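Step one of this worksheet: look at the structure below.
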Amino acid sequence: MTTHTFSVLPVTQSAFDEIKAKLNEAGYDHAVIGGGKGSPITIDMSGIGLEVEKEIEPEFPTIKESITLDEAIELLSEAGRLDPIAMAALIDNRVGCNEFLVDHPTIQVVEDDGKYYVGLLGVINGLFGIDEKGNGAIAAVFDVECPAELKGDILQSNHAIQPDARIGDECPTCGNKLVRGMLIGFRRTPS
């Protein structure tokens, strides 16, 4: 007859069953003793250490409790790369709003002919606050195009538009006023 001397630490049945299963799985079934003629089953943990199991990263996205300004800009830019037409339409879409939203300290609204409108970017900017000029933190970035180049959504020719050209500048090729082109991304608003 073998005698075992150890202190007994009571644990919940579920903890006991999990430890027993892991020991059996690892080939340590000899550590499970007793259970005959009315004696309790005991796990002899001599020489066995326990540690907290590492959390496994979930395979699906999780809800974030907070994000940084750069993370928001990266997500918006990624969406813009995936579908610039849809994202431009979302950024362009504004709906009428009441004076309570107009008076919000950080949500960006625009006024047009005495009426106020709010859009997706104005609400997102509201999350990150405003600078001393009242501007939101995130700006949509569009390229500029010559209207003579456009037919539907397809560019017809290649006018020599400078990288620093702005909406309303003259096209150096034909003299037309440049217009807003495709959404190319998002960035921090210059301060």
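The values are calculated or read from the model by the stated rules, or taken from the named source; none is laboratory data. Here the structure is a predicted model, which means the values were calculated and not measured. Cβ sites come from the backbone with ideal geometry, for glycine too, and all protein chains shown count toward neighbours.
Applying a threshold of 8 Å to beta carbon distances and a minimum spacing of six or more residues, or different chains, the list of pairs starting in segment 74-93 at a residue that is more than 13 Å from LEU121 (Cα to Cα) and ending at one that is among the acidic types (Asp, Glu) reads ILE85/ASP153.
From the list THR62, THR68, the one residue that fits, being surrounded by fewer than 11 Cβ atoms within 10 Å (Cβ to Cβ), within 18 Å of GLY126 (Cβ to Cβ) and hydroxyl-bearing (Ser, Thr, Tyr), is THR68.
Within segment 10-24, residues that are closer than 13 Å to THR42 by Cα have Cβ atoms under 7 Å from residues that are of a type in the set (A, V, I, L, M) and assigned to a helix (DSSP H, G or I) in these pairs: LEU23/ALA31, counting only partners at least 6 apart in sequence or on another chain.
Those residues that are in a loop (DSSP other than H, G, I, E, B) and buried (at least 17 other Cβ atoms within 10 Å of the Cβ), I need them from segment 124-141; list them, please. Result: ALA137, single match.
The condition (being in the same structural domain as MET182 (by TED's automatic domain parsing) and surrounded by 11 or more Cβ atoms within 10 Å (Cβ to Cβ)) is satisfied by just one residue among VAL102, VAL95: VAL102. Can you say whether LEU121 is surrounded by 14 or more Cβ atoms within 10 Å (Cβ to Cβ), within 17 Å of the chain's Cα centre (by Cα) and over 30 Å from THR12 (Cβ atoms), as far as the supplied structure shows? Judged against the criteria, LEU121 is a match.
Among the helices (runs of 4 or more DSSP H) lying completely within segment 10-96, list those that include at least 2 residues that are under 30 Å from GLU111 (Cβ atoms).
On the way: elements: 13-25, 69-82, 84-92.
It comes to 69-82, 84-92.
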